[in-house]
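This report refers to the structure that appears directly beneath it.
The values are calculated or read from the model by the stated rules, or taken from the named source; none is laboratory data. Remember, it's a predicted structure, so these values are computed and weren't measured experimentally. Virtual Cβ from ideal backbone geometry, glycine too; neighbours counted across all protein chains shown. Just so you know, the surface numbers come from the protein's heavy atoms only, side chains and all, with ligands and any DNA or RNA stripped out. Shrake-Rupley method; radii C 1.70, N 1.55, O 1.52, S 1.80 Å.
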Amino acid sequence: MPTPHIESREGEIAKVVLMPGDPKRAQFIAEHFLKDAVLVNDVRGMKAYTGMYQDTKVTVFASGMGIPSMGIYAYELYHFYDVDTIIRIGSCGSYQKELNLYDLILVDQAVTDSNFSESFANNKTDIVSSDASLNQLILETASSYQQKITKGAIFCSEAFYHIADQTPWQIEKYHCLGVEMESFALFTVAKALGKKASCILTVSDSLVTKEETTSEEREKSFTAMMKLALETVSRIK
Ligand code: HPA
């Protein structure tokens, strides 16, 4: 059962997995939100914990940064560990002045400048959807306690730093709300394997106003997103 990147044994990974990018955030969630959390992966320091949220068994597994890293973990979790559902919980830069720091986004489409889909599945596309029924559950959960969340497309970038000054044309074409670097890989792998995936993001920096959060603030203050993801997970039938 262990794979090249995951040392967990059979049964140690839940059917539902939450994926922050940062291993420290995985640890923070396990320590603050899960009961009886056990460390189930530490290969390359990519920490994963399985524990209980209310009556639901859930694994929190870090994805690392970028499309290739997410592509590896999503594939291994779905294919080798028979995971059904992955919800990425990450951060993004915002392209819209209406979106403030710490606002939540539900990603219904990931748009990219990457050729991951062609490379992974010989399917050349720059846009992929998340799971509609899972998104519906996330929206219902959010509205059950008046959590504001904006649904829309995100640009999933291949590069964090750009020395070219033109912006990728896909951002305007698909009205992307912001930018991150992992959701396209997650949704592409899920779709190809017939599994469920979605992504909730917190705005960590604004590409319009240039405001940003510190890494410490980011680690600690994404509670609203974690709560929404966990409450959603507890409602999955
Ligand atoms: N760019 C890419 N990924 C990100 C950003 C960004 O500005 N902020 C958070 N994730």
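Of everything in region 9-43, what is of a type in the set (D, E, K, R) and in contact with a helix residue (DSSP H, G or I) (Cβ under 9 Å, 6 or more places away or on another chain)? Give them in sequence order. Before you say what the answer is, go through the steps one by one.
Within region 9-43, the subset of a type in the set (D, E, K, R) is 9-10, 12, 15, 22, 24-25, 31, 35-36, 42.
Result: D22, K24, R25, D42.
For every residue, the table says whether it meets (1) over 17 Å from K97 (Cα atoms); (2) open to solvent by 40 Å² or more (accessible area, probe 1.4 Å); (3) touching an Asp or Glu at 6+ places or on another chain (Cβ under 9 Å).
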| position | (1), (2), (3) |
| --- | --- |
| T150 | no, yes, yes |
| A164 | yes, yes, no |
| K173 | yes, yes, no |
| A190 | yes, no, yes |
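Which is closer than 21 Å to T232 by Cα, away from the ligand (no atom under 15 Å from the Cβ) and not aliphatic (A, V, I, L, M), of D42, D82, D103?
Details: D42 fails: closer than 21 Å to T232 by Cα; D103 fails: away from the ligand (no atom under 15 Å from the Cβ).
Result: D82 is the single residue among D42, D82, D103 that is closer than 21 Å to T232 by Cα, away from the ligand (no atom under 15 Å from the Cβ) and not aliphatic (A, V, I, L, M).
Which of the residues spanning region 153-204 are in a helix (DSSP H, G or I) and within 14 Å of I89 (Cβ to Cβ)?
The answer is S183, L186.
Here is a list: T213, T150. Which entry is at pLDDT 95 or above and either under 18 Å from Y95 (Cβ atoms) or within 16 Å of the ligand (Cβ to nearest atom) (or both)? Can you show your working first?
Details: T213 fails: at pLDDT 95 or above.
So the residue among T213, T150 that is at pLDDT 95 or above and either under 18 Å from Y95 (Cβ atoms) or within 16 Å of the ligand (Cβ to nearest atom) (or both) is T150.
Does region 63-77 include one or more residues that are closer than 19 Å to T188 by Cβ, charged (D, E, K, R) and in contact (Cβ under 8 Å) with a residue 12 or more places away in the chain?
At the first step, the residues of region 63-77 found to be closer than 19 Å to T188 by Cβ are 63-77.
Retained after the next criterion (residues that are charged (D, E, K, R)): 76.
Adding the requirement that they be in contact (Cβ under 8 Å) with a residue 12 or more places away in the chain leaves 76.
Scanning region 63-77, I find at least one residue that is closer than 19 Å to T188 by Cβ, charged (D, E, K, R) and in contact (Cβ under 8 Å) with a residue 12 or more places away in the chain, so the answer is yes.
Run down V107, V83 and say which single residue is part of a loop (DSSP other than H, G, I, E, B), open to solvent by less than 40 Å² (accessible area, probe 1.4 Å), among the hydrophobic types (A, V, I, L, M, F, W, C) and in contact (Cβ under 8 Å) with a residue 60 or more places away in the chain.
Numbers: V107 fails: part of a loop (DSSP other than H, G, I, E, B).
V83 is the lone residue from the list that is part of a loop (DSSP other than H, G, I, E, B), open to solvent by less than 40 Å² (accessible area, probe 1.4 Å), among the hydrophobic types (A, V, I, L, M, F, W, C) and in contact (Cβ under 8 Å) with a residue 60 or more places away in the chain.
Could you please find all residues in region 50-80 being over 24 Å from L106 (Cβ atoms), surrounded by fewer than 23 Cβ atoms within 10 Å (Cβ to Cβ) and either among the hydroxyl-bearing types (S, T, Y) or in contact with a helix residue (DSSP H, G or I) (Cβ under 8 Å, 6 or more places away or on another chain) (or both)?
G51, D55, P68, H79
Go through region 115-141 and give me each residue that's among the small types (G, A, S) and within 17 Å of the chain's Cα centre (by Cα). I'd like the intermediate steps shown before the answer.
Kept after step one, since they are among the small types (G, A, S), are these residues of region 115-141: 117, 119, 121, 129-130, 132-133.
Passing the criteria: S129, S130, A132, S133.
Restricting attention to region 87-104, does a residue exist that is among the hydrophobic types (A, V, I, L, M, F, W, C), closer than 28 Å to S8 by Cα and surrounded by fewer than 16 Cβ atoms within 10 Å (Cβ to Cβ)? Show your work before the answer.
Filtering region 87-104 for residues among the hydrophobic types (A, V, I, L, M, F, W, C) gives 87, 89, 92, 99, 101, 104.
Remaining after also requiring closer than 28 Å to S8 by Cα: 87, 89.
Subset that is surrounded by fewer than 16 Cβ atoms within 10 Å (Cβ to Cβ): none.
No, that holds for no residue.
So A197 passes all but one of these: (1) more than 12 Å from the ligand (Cβ to nearest atom); (2) open to solvent by 40 Å² or more (accessible area, probe 1.4 Å). Which condition number does it fail?
Here A197 clears every test but (2).
Please go through region 110-148 and pick out each residue that is among the charged types (D, E, K, R), closer than 15 Å to C176 by Cα and open to solvent by 40 Å² or more (accessible area, probe 1.4 Å). Reasoning before the result, please.
Going residue by residue through region 110-148, those that are among the charged types (D, E, K, R) are 113, 118, 124, 126, 131, 140, 148.
Filter once more, keeping what is closer than 15 Å to C176 by Cα: 113, 126.
Result: D113, single match.
Cβ contacts < 7 Å: first residue within 13 Å of the ligand (Cβ to nearest atom), restricted to region 174-187; second residue among the basic types (K, R) and not in a helix (DSSP H, G or I), any location; separation 6+ or different chain. Result?
E182/R88; S183/R88
Open to solvent by 60 Å² or more (accessible area, probe 1.4 Å) and more than 16 Å from the ligand (Cβ to nearest atom), is that true of R218? Before the answer, list the steps.
Working: open to solvent by 60 Å² or more (accessible area, probe 1.4 Å): yes; more than 16 Å from the ligand (Cβ to nearest atom): no.
Taking the combined requirement at face value, the residue does not satisfy it.
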